[in-house]
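Remarks on the structure that follows.
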Amino acid sequence: MANEQASEQSEAAMPDWSAYRGVLIVVEQRDGAAKKVSWQLLGEGKKLAAKLDAPLMALVIGEDVAHLAEEAVHYGADRVFLCEAPELRTYRTRPYSRVVLKLIEEAKPEIVLFGATATGRDLAGAIATHLPTGLTADTTQLDVEPPPSRLLLASRPAFSEKMMATILCKQYRPQMATARAGVFQALPKDAAREGEIVRIEATMREEEIAAQVLDFLRETGKLNLEDAEIIVAGGRGLGGPDAFGLLTELADALGGVVGASRAAVDAGWIGHEHQVGQTGATVRPKLYFAIGISGAVQHTVGMSHADVVVAINKDEKAPIFQFAHYGIVGDLFKIVPAIAGEIKKRRTLFGVQLTEADSATPANDSTRAVSEALERSEAK
């Protein structure tokens with residue numbers, strides 16, 4: 001009886017958030033090109049909005065970015081707020097946060113989502129501080145409780161990536177989270193789709209902004225695992241840094257990039273920018289090679305969305321084979337060079353059709369499995 005009374009008192013003490021409705025995705029762009037995570041969040045936001053029977057909204061900020069507002073509609077947004085001004089050309093925390101804060105005050109979304117990028121984390125943190133409200137960072141799973149609670153269930157790795165924690169924001173609105181790139185699936189772009197585009201005004205003039213952007217230095221040759229369509233990743237089974245040369249040769253033959261497990265990075269065999277997993281990049285390539293990787297949860301959670309997974313490991317009981325579409329048991333130091341050599345013979349660029357002469361080249365079980373994997377990934 002006492003517990004029931006306490007529960008009733010707790011519910012009675014909950015604020016009335018009935019004025020807050022809808023899911024808002026803050027679209028991140030640079031030089032007029034949207035980050036892929038923005039469209040991925042629109043895809044996930046569509047599911048959340050459907051469960052809440054609420055609109056899916058998007059916010060586009062910048063200069064000469066009206067085309068992105070139209071793209072947001074094509075990727076699922078019902079209503080897009082567009083704020084264009086010269087002072088918004090490049091990202092700065094204060095003017096961007098002012099735009100978002102004003103929109104939240106006027107549109108009152110119940111959920112606001114940002115990409116877990118350097119810009120997204122900075123902007124979301126500033127917004128949460130000003131409102132104030134809760135903010136769950138680096139989420140890898142999103143869901144909602146159905147009405148009447150309408151709570152956002154934002155889940156992320158916790159306790160050294162040994163378990164998942166689901167974080168709720170019961171006392172404040174909007175509920176906010178940043179989400180990793182590559183975790184969620186963008187909806188197919190529908191150029192015929194129509195939606196409402198609402199222009200809003202910038203809230204700050206240039207002379208009111210203390211920080212100025214004098215120049216933007218672009219880092220060339222930087223590895224981008226999140227956008228890679230083919231990844232050749234290595235783990236502890238490589239035995240040392242020299243073996244990554246074999247993986248580089250295979251990646252080059254396929255037109256892909258080299259990834260790594262946390263164990264290989266922690267051992268100092270390769271840089272952290274190559275790491276795939278909960279504490280690295282979450283990827284969604286068409287083709288993923290897991291070579292000498294046992295398949296620990298810390299790693300597989302970062303690559304489980306790959307269209308096709310090829311695992312190479314000498315341990316036939318390695319957990320990675322549970323995630324693989326194709327598994328090759330054997331010595332990677334013999335298998336990887338053989339595959340790379342065969343691919344070089346068959347094609348010089350990923351996607352080029354095999355010639356009749358190439359098709360006649362004898363292939364062992366390993367190269368045949370990889371050929372099937374390539375064909376399957378191309379079909380996707």
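Of Lys47/Lys317; Lys51/Lys317; Lys36/Lys334; Lys108/Lys286; Lys286/Lys314; Lys102/Lys189, which ones are farther than 32 Å apart at the Cα?
Going by Cα-Cα distance, Lys47/Lys317; Lys51/Lys317; Lys36/Lys334; Lys108/Lys286 fall outside the 32 Å limit.
Classify region 226-328 as rounded, prolate or oblate from the Cα gyration tensor: take a ≥ b ≥ c as the square roots of its eigenvalues, call it rounded if a/c is under 1.5, otherwise prolate when a/b beats b/c and oblate if not.
rounded
Taking square-rooted eigenvalues a ≥ b ≥ c of the alpha carbon gyration tensor, is region 27-66 rounded, prolate or oblate, where a/c under 1.5 means rounded and, failing that, a/b exceeding b/c means prolate?
oblate
Quick one: P(r) of region 97-251 from all Cα-Cα pairs, 10 Å bins, percents rounded to integers, in order of increasing distance.
Spelled out per bin, shortest first, that is 8, 24, 31, 23, 11, 3.
State the percent of C-alpha pairs, over all pairs in region 13-208, separated by a distance greater than 21 angstrom.
Looking at region 13-208, the distances longer than 21 Å represent 47 percent of pairs.
Cα-based Rg of region 163-270 per 2.2 N^0.38 Å, rounded to two decimals?
On the way: Rg = 22.0 Å, N = 108, 2.2 N^0.38 = 13.0 Å.
Against the compact-globule rule of thumb, the ratio is 1.69.
Tell me, what HN-Hα J-couplings in whole Hz come from the Karplus equation 6.51 cos²θ - 1.76 cosθ + 1.60 at θ = phi - 60° for each residue of region 186-194, using x for Gly and Pro?
Running phi through 6.51 cos²θ - 1.76 cosθ + 1.60 with θ = phi - 60° gives 6, 6, x, 5, 10, 5, 8, 5, 10 Hz.
If you place +1 on the Cβ of every Lys and Arg and -1 on the Cβ of every Asp and Glu, how big does the dipole about the Cα centre of region 13-208 come out, in debye to the nearest 20? Spell out each step's value before the answer.
Numbers: 25 positive and 27 negative charges, 131 e Å.
Using Cβ point charges on Lys, Arg, Asp and Glu, region 13-208 gives about 620 debye.
Just want the answer: with Cβ charges of +1 for Lys and Arg and -1 for Asp and Glu, which residue in Ile312, Ser97, Thr166 is farthest toward the dipole's positive end in the chain?
It is Ile312, whose Cα lies furthest towards the positive end.
Could you give the size of the charge dipole of the chain about its Cα centre, using +1 on the Cβ of each K and R and -1 on the Cβ of each D and E, expressed in debye and rounded to the nearest 20?
So the dipole magnitude of the chain works out to roughly 520 debye.
Expressed as cubic angstrom per residue, what is the convex hull volume of the alpha carbon set of region 35-123?
91
Give me the mean projected area, in nm² to one decimal, of the convex hull enclosing the Cα positions of the chain.
Values: hull surface 92.2 nm².
Projected area, direction-averaged: 23.1 nm².
If you keep only loop residues by DSSP, which trypsin sites (Lys or Arg not before Pro) in region 87-126 have at most 16 other Cβ atoms within 10 Å of their Cβ?
Filter output for region 87-126: Arg89.
Just so you know, all these numbers are worked out from the coordinates, no wet-lab data involved. Keep in mind the model is a prediction, meaning the values are calculated, not measured. No Cβ is skipped: glycine too gets one built from the backbone with ideal geometry, and neighbour counts run over all protein chains shown.
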